[in-house]
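What follows is one structure encoded as C-alpha cells, with my remarks underneath.
The values are calculated or read from the model by the stated rules, or taken from the named source; none is laboratory data. Predicted model, so just to flag it, every value in this text is computed and none were measured. Positions of Cβ are generated from backbone atoms using ideal geometry, with glycine treated the same way; all protein chains shown enter the neighbour counts.
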Amino acid sequence: MIRTNWKEKVGLACLMLTVITLAITITINAFPLYVFDIGHLDILDRVALSQEELLKNYRELMSYLNFPWISQLKMTDFPVSASGAFHFWEVKKLFLLNYGVFLLTVIPSTMFLRKLWKEKRLWILNNGLTIAALVPVFLGFFMFVGFDKFFTTFHHVFFNNDAWIFDPELDPIILALPEQYFFHSFILAIVLFELIILGIIYIGRRQFKSKN
C-alpha cells in the first residue's frame, strides 16, 4: 500500500487542478478544431458568410472571452441580444477562472513533479492518478450515450439561468456553434487529460520498476 503525507496529497490535488485547467485551456483555444468543424459540420451552410468572415467573427468572440480588458462583446457580422451577451459574460468569467487556477497551480505542480522525478518517486502518484483517469471515461460514456442530455446537465450545473438557450433570430452566432462542435471539444479535453495523466503514470511505473 502506498502511503502519502499531507504535503504529497496537497501536491497531487494541485497537480490535478493544473492538468484539468491545462486541458481546458488547450481545448477552448483549439482554433484548428473549429476550422476542421467548419467543413466537417457544414457550418457555412448555416450562416451567410465566407469562411474568412466566419473566422474573423470567431476570433472576435474568443478575444472577448479570453481577455479581461475587453469588456464588451462585438462581432462584425453577428448581433448579440442582451440575454446572449449575459451568457457570454458568464462564460468569460469561467474562462478567466480557469486561467487563474492554472496560473496559481502550474508552478507548485511543476516543482512537485520535479521533486518526485529527482527522487524517482513519481510512482507514489499512480493510485490517485489511476482513479482520476477513470472519471473522464465515465463522463465520456454518458456523452456518447446521450450528448444532448449531458450538454443540458452541464449548463444546469454551471449556469443558474436559461440564458444559454439561444434564439437564432436574436443571436445567430449559435448557428455557427452547433452542439456537435461542443461534443468534439469535450472529446478533445478528455483525450488531453487522459494523455497527460497516463503519461505521468507510465513514467512512474518505469521509475518503480527501475527501483526494484
Residue 18 at pLDDT 95 or above and within 24 Å of residue 134 (Cβ to Cβ):
yes
So residue 136 passes all but one of these: (1) without any contact (Cβ under 8 Å) to a residue 60 or more places away in the chain; (2) within 22 Å of residue 60 (Cα to Cα); (3) buried (at least 18 other Cβ atoms within 10 Å of the Cβ). Which condition number does it fail?
(2)
Quick check: anything in region 115-137 over 14 Å from residue 11 (Cβ atoms) and not in a helix (DSSP H, G or I)?
yes
In this structure, is residue 148 in a helix (DSSP H, G or I) and either touching a strand residue (DSSP E or B) at 6+ places or on another chain (Cβ under 8 Å) or among the acidic types (Asp, Glu) (or both)?
yes
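Quick one: how many residues across region 159-212 are assigned to a loop (DSSP other than H, G, I, E, B) and not polar (S, T, N, Q)?
So in region 159-212, the residues assigned to a loop (DSSP other than H, G, I, E, B) come out as 159-171, 177-178, 212.
Filter once more, keeping what is not polar (S, T, N, Q): 159, 162-171, 177-178.
So the count comes out to 13.
Just to verify a result, which residue in region 53-72, among those that are over 20 Å from the mean Cα position of the chain (by Cα) and part of a helix (DSSP H, G or I), is farthest from residue 100 (Cα to Cα)?
Kept after step one, since they are over 20 Å from the mean Cα position of the chain (by Cα), are these residues of region 53-72: 53-57, 69-72.
Keeping just the survivors that are part of a helix (DSSP H, G or I) gives 53-57.
On the way: 53: 31, 54: 29, 55: 27, 56: 27, 57: 26 Å.
Selected residue: 53.
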Name the residue, out of 102, 142, that is farther than 24 Å from residue 205 by Cα and either touching a residue at least 12 places away in the same chain (Cβ under 8 Å) or β-branched (Val, Ile, Thr) (or both).
102
Quickly run through region 101-115 and pick out the residues that are surrounded by 17 or more Cβ atoms within 10 Å (Cβ to Cβ) and within 15 Å of residue 67 (Cβ to Cβ).
none
Per the filter on region 73-100, residues among the aromatic types (Phe, Trp, Tyr), outside any loop (DSSP other than H, G, I, E, B) and buried (at least 17 other Cβ atoms within 10 Å of the Cβ) are 88, 95
Looking only at region 52-99, filter to residues that are free of Cβ contacts under 8 Å to residues at least 40 places away in the same chain and among the β-branched types (Val, Ile, Thr); which one of those is nearest to residue 168 (Cα to Cα)?
76
